[in-house]
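*Asks:* Right, I'll just put the structure down here and ask away after.
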């Protein structure tokens, strides 16, 4: 197994949970992930109960991207080698709000990176990000010309809280439910609504001297209320950067998704102030509009622990254990209930979550390929 050199070895792995509330199942998954990363980094898991010491050298697992350079300094984070996740300079950069430009004529937004949208334009779906309700109505008018529009709260996960509207009248009650102060800070996304959607995941992780990139597809499942939510991902990993994913034969839709993720990622590196990340995950949607035309574009980024991180851990462990391993297939699974587990499953959570009910989350290492 690849280990960090003694001079760069961390004192411990710490889950840094900066959210006001974390569900039971996520606490359990974060703990399991931190244990796996601690093995990769050859150090213990540490439960902090108070501020970190200025002289400490911890590896942080982030539940949300860091949004203040002062936090990086206080935590002793100097580079991507110090944490799993990402850091940006402003709150809106950490959510799906950054995945669309402001609509024409919108009030200027301080520190809004217009150059990011220009470079990433070919990788985005048609849509706008807004920070007030008047601008939201204007953006809706522009988008409704070509069909129904999807309204997306930028801090919700797994597709929760989204709604589709076809007229300005249908938009109004949706806007009434939005808090003005929350909207001003975080923004709201309006995006062309697609049908027959296939969602791809493209990502890269850099941990303990290892770099691996991956692509795959997401699946939906139904929660206990019958709502369709994220149900897992089936992913193929290779050693190296994003370009390594393009080396072999790929279906056209997969190749387009990888190229769009690369375009988005390069724009973030170039135009998002304060951006650094060791975990870069992008969701790309491919679907049809009301005319039957096909569109593909990045929905959002994840620069933190995410739904695919259990598969990322299994892949990293396989690459670390054998230098000849150059290709891995791993999958994640989220099931509302308590099913019997496959023999090769690594369980991350199974129990009665206080918010979601009976839930099972596990990952599988499906295939390990060796170089000659």
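The values are calculated or read from the model by the stated rules, or taken from the named source; none is laboratory data. Keep in mind that this is a model prediction, so the values were computed, not measured. Here the Cβ is made from the backbone with ideal geometry for all residues, glycine too, and neighbour counts use every protein chain on show.
*Asks:* If I ask for residues that are in contact (Cβ under 8 Å) with a residue 40 or more places away in the chain and either on the phi > 0 side of the Ramachandran plot or not assigned by TED's automatic domain parsing to the domain that holds residue 105 (or both), which ones from the range 132-188 would you list?
*Replies:* Scanning the range 132-188 gives 147, 158, 159, 187.
*Asks:* For the range 286-328, which positions are surrounded by fewer than 24 Cβ atoms within 10 Å (Cβ to Cβ), over 20 Å from the mean Cα position of the chain (by Cα) and more than 19 Å from residue 143 (Cα to Cα)?
*Replies:* Passing the criteria: 317, 318, 320, 321, 322, 323, 324, 325, 326, 327.
*Asks:* Of the residues 102, 151, only one is within 25 Å of residue 292 (Cα to Cα) and modelled with pLDDT of 95 or more; which?
*Replies:* On the way: 102 fails: within 25 Å of residue 292 (Cα to Cα).
Just one listed residue meets the conditions, 151.
*Asks:* Only one of 110, 103 is more than 22 Å from the chain's Cα centre (by Cα), surrounded by 18 or more Cβ atoms within 10 Å (Cβ to Cβ), at negative phi and part of a loop (DSSP other than H, G, I, E, B); which? Lay out the reasoning, then the answer.
*Replies:* Working: 110 fails: surrounded by 18 or more Cβ atoms within 10 Å (Cβ to Cβ).
It is 103.
*Asks:* Filter the range 119-131 down to the residues that are in contact (Cβ under 8 Å) with a residue 24 or more places away in the chain and in a helix (DSSP H, G or I), then identify the one that is surrounded by the fewest Cβ atoms within 10 Å (Cβ to Cβ).
*Replies:* At the first step, the residues of the range 119-131 found to be in contact (Cβ under 8 Å) with a residue 24 or more places away in the chain are 119-120, 122-131.
Adding the requirement that they be in a helix (DSSP H, G or I) leaves 119-120, 122-123.
On the way: 119: 16, 120: 25, 122: 11, 123: 23.
The selected residue is 122.
*Asks:* Given the options 258, 284, name the one that is in a strand (DSSP E or B) and at pLDDT 95 or above.
*Replies:* Residue meeting the stated conditions: 284.
*Asks:* Another question, then. Can you name the residue in the range 225-239 that is more than 17 Å from residue 308 (Cβ to Cβ) and modelled with pLDDT under 95 and, of all such residues, is surrounded by the fewest Cβ atoms within 10 Å (Cβ to Cβ)?
*Replies:* So in the range 225-239, the residues more than 17 Å from residue 308 (Cβ to Cβ) come out as 225-228, 239.
Narrowing the set further to residues that are modelled with pLDDT under 95 leaves 225-228.
Values: 225: 9, 226: 7, 227: 13, 228: 11.
Per the stated criteria, the residue is 226.
*Asks:* So, residue 304, is that one within 24 Å of residue 237 (Cα to Cα) and not assigned by TED's automatic domain parsing to the domain that holds residue 156 or not? Talk me through it step by step, then tell me what you get.
*Replies:* Values: within 24 Å of residue 237 (Cα to Cα): yes; not assigned by TED's automatic domain parsing to the domain that holds residue 156: yes.
Criteria met by residue 304.
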